[in-house]
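Here, each number is a calculation from the coordinates, and none is a lab measurement. No experiment lies behind these values; they were computed from the predicted model shown. Virtual Cβ from ideal backbone geometry, glycine too; neighbours counted across all protein chains shown.
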Amino acid sequence: MARQVTATITCAGAQLAPGIDFHQVALTQTLFDHHALTLVVPFDSIEGPTTAFFSQAPQRLLGQAVSVEVRADDAPHSNEAPQQWRFKGIITDLGTSKGSDYVGSITIQAYSPCYLLNDGRQKRAFVNQTLAAIFRQVLAPYPANLLPHRLQPVHQAPLPYVVQYDESNYAFLSRLASEYAEWFYYDGQTLQLGPPQGGQEINFVADGDHNSFHFGLSLRPTKATLYDYNYLRHEHFTADTSRQQLPAISQHPYGQLALAQSEKLFAEPARVSSDTFIEGTSQLHEEAQALKAHSVTSLVTLQGHSANPSLQLGGIISVSGEGLGSRHITADSFGKYRLIELTHSVDASGNYHNAFTAIPHLLDVPPLHPHHAPPTGTPELAEVIDAKDPKKLGRLRVRYHWHVHKPQDAETGWLRVLTPYSGNGKGQLFNPEVGSQVLVGYESSLAEQPLVLGNLFHANNQQKASYSPASNGMKGIQTAGGNKVVMLDKQGEQKILISNSNQKGTAITMSFQGDGSVHIQSSGPVTVNGSVITLDAGAPGKGQTAFTGEIKMRAKTITLEAEEELTATSKKKSITLKAKQNVAIDATEKMEVKAKEKTITTTQKLTVSGGSQVDIKAGKVKINS
């Protein structure tokens, strides 16, 4: 049976339809979407009886705040608050029609103020911020008097990295709240983040007249195994929902039964990766427990109809009534339930009724968000802004090329860099420089798990270098300091060059023109150090014993210096010392020259002298003058 009510509707501070001068008032409220208000009012009450078509209604109504208050006409009991509901919204749609039942009518569509959060999709990042701080930043541009909010989430720890990725503000906040098992909804007057406030518990007496209900139990898959990997600890984590305890469910025997039977019937668990950043096993177990609680909310539901306009989204009703058995006439309690969906209706005669869906109030998490899905990342460009990784893992911080209000909104935390080769104490190290352009990809295509895939060239090249050599005949590596290794592939002139762009006179060139020549060039000193240094020219091949090569030294001055001994040996042929002017051989103590035959020849004069004595010994001595 409907309840007689009075509806008061105001728009922009003025009463829209006096008294009960309307055809219909309908309000749909849900946890997971914007509340929708539909008003159907006589055309005459807005435009006047002599107006042919829209005149002042669009200017007067569109974009304006609308307020609806519905109050029961019959007086409440002395210990009860007035039975009423209030709603504030924004008019977004307007239409007019002429039907058989009325002369003419205007249909007004309004949504809850959180509808404003549906403005353009965008990308921005949040690094090491709490849930409340992120929500405050997103909600800051919206007037508090138009979109009042209360932010009291359970999760208080800073979140390492969160990204709004091609999402509207509403979709982003809804998804973020769902990931951390937080209540997020509009209660008719205030946008709420966090557990519903206590409020007034409403007695719902199922009398079959004003109030009726349908209680349902369902068996659904509830088992899941969550897994994640933390590269900072190089650990894999798993957590099973079946091992998580929900003490509150034990107080609801039907919920406990439905859960036990569901786990028995659907024995194979789903295997899903974590939606959030996991530091350790305890966090993953918390997420598994929340997921289990989420699932339980779908096992026990209460649906009903009521004529009490006091029912409010997020509020609690205490359900009681006579037993359902035909001979059970005493009153029984059927438990307490939290309202998650409501539809209010008032007809042209002022008759009110509502329909609702509720879940057991013992569960401290909201139902699973039906539209929740982590955003999918697609590869995109970014600029390196920091390479001083505090963990020394070669990670980078980058700034995306996103259009944001401030640069920090496009900056990431520390990202790993893809490399062709890495491992424990080994790998390839070629990290991009600060200021260079990189391509960012996403692990498992998740927008909140970025990694650097590699570098890209662009036109802003300070060295004016060309990266398109003729016939693609050059490959190379060059560092920021100018150190480079260049490989030239021109047919017949293949070579490798090791040099520095800032010291062009210094280079090592290895040629592969058939003779395998190696050329070392330096405009400064060249120093070779080693405990033993061996130079082999034409080293003998397999089955050979003799060297066949040649070592040449050319310089203005050549100095050979040994701390102890200097030995020059020719195994098969001669040793020649030749100087254009003098050859000086000086020994501090003794000099010996031995040979089978010895010839000393001068073209002018030969002098042999001894400080005290000269001995000439032989079997025969000839002295000719």
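Which ordering of VAL66, VAL528 is given by a fewest-first count of other beta-carbon atoms within 10 Å?
Details: VAL66 20, VAL528 7.
Least to most surrounded, the residues fall as VAL528, VAL66.
Would you work out which of GLN29, ASN424, VAL485 lies farthest towards the positive end of the dipole of the chain, given +1 charges on the beta-carbon of Lys and Arg and -1 on that of Asp and Glu, about the Cα centre?
Checked the options; the winner is VAL485.
Expected output is a single nm value to one decimal: the length gained when fully extending between LYS264 and SER522, i.e. 0.36 nm times separation in residues minus the C-alpha distance. What is it?
Length gained, LYS264 through SER522: 85.0 nm.
Mind pulling the angle between the C-alpha long axis of helix 253-265 and the longest principal axis of the chain? Nearest 10 degrees, somewhere in 0 to 90.
50
Which percent of the Cα-Cα distances in the stretch 470-522 go past 12 Å?
63
Near the amide H of GLN24, under 5 Å away, which other amide H atoms are found, from residues 5 or more places off or on another chain, if H is placed in the peptide plane?
Close amide H contacts, sequence-distant or interchain: VAL40.
Would you mind calculating the gained length between GLN56 and MET474 on full extension (0.36 nm times residue separation, minus the Cα-Cα distance), in nm to one decimal?
143.1 nm
Just one of (i) 45.9, 140; (ii) 22.3, 69; (iii) 44.5, 161 is Rg and Dmax of the Cα atoms in Å calculated from these coordinates, so which is it?
From the options (i) 45.9, 140; (ii) 22.3, 69; (iii) 44.5, 161, the structure gives (iii).
Could you work out how far apart the two model spin labels at ALA348 and PHE547 are, taking each label as a point 7 Å from the Cα in the direction of the beta carbon, and quote it in nm?
Label-label distance for ALA348 and PHE547, simple model: 11.6 nm.
Please give, to one decimal in nm, the separation of the simple spin-label points placed at THR378 and THR96, each 7 Å out from Cα toward the Cβ.
4.4
Given a Förster distance of 51 Å, report the FRET efficiency between THR534 and THR225 from their Cβ-Cβ distance, rounded to the nearest 0.05.
Result of the calculation: an efficiency of 0.25.
Order of GLU411, GLU322 from fewest to most other C-beta atoms within 10 Å? Kindly include the intermediate steps, with their values, before the conclusion.
Working: GLU411 21, GLU322 14.
The most exposed by this proxy come first: GLU322, GLU411.
Once the piece of chain linking GLN408 and LEU393 is laid out straight, how much longer is it, given 0.36 nm per residue of separation minus the C-alpha distance between them?
Between GLN408 and LEU393, full extension yields an extra 3.1 nm.
Using the Karplus equation 6.51 cos²θ - 1.76 cosθ + 1.60 (θ = phi - 60°), what ³J(HN,Hα) coupling, rounded to whole Hz, does each residue of the stretch 172-180 give in order, writing x for Gly and Pro?
5, 5, 5, 5, 5, 4, 5, 4, 10
Sequence gap at least 6, Cα distance under 8 Å: using those rules, report the relative contact order of the chain to the nearest whole percent.
10
By how many degrees, 0 to 90 and rounded to 10, does the Cα axis of helix 281-296 deviate from the longest principal axis of the chain?
So the helix axis and the longest Cα principal axis differ by about 30 degrees.
Just for the chain, what percent of DSSP beta bridges are antiparallel, to the closest 5?
So the antiparallel bridges amount to about 90 percent of the total.
For all pairs of alpha-carbon atoms in the stretch 537-625, what percent lies in each bin of width 5 Å, listed from the first bin to the last filled one?
2, 5, 12, 19, 15, 18, 11, 7, 6, 3, 1, 0
Can you give me the relative contact order of the stretch 236-337 as a percent, contacts being Cα pairs under 8 Å and 6 or more apart? Display every interim value, and only then the final one.
On the way: 74 pairs, mean separation 26.8, N = 102.
RCO, the stretch 236-337: 26 percent.
Filter LYS88/LYS123; LYS495/LYS573; LYS572/LYS598 down to the pairs with a C-alpha to C-alpha distance above 28 Å, please.
On the way: LYS88/LYS123 30 Å; LYS495/LYS573 36 Å; LYS572/LYS598 18 Å.
Flagged as over cut-off: LYS88/LYS123; LYS495/LYS573.
Give me the one-decimal nm value for the distance between modelled label points at HIS458 and ILE498, 7 Å along each residue's Cα-to-Cβ direction.
With each label placed 7 Å out from Cα toward Cβ, I get 3.4 nm.
By average Cβ neighbour count within 10 Å, what is the ranking of 86-94, 398-406 from highest down? Can you show the working numbers first?
On the way: 86-94: 19.1, 398-406: 15.6.
Top of the packing list down: 86-94, 398-406.
Please sort 252-260, 418-426 by packing, taking for each peptide the average over its residues of neighbouring beta carbons within 10 angstrom, highest first.
Highest-to-lowest ranking by the protection proxy: 252-260, 418-426.
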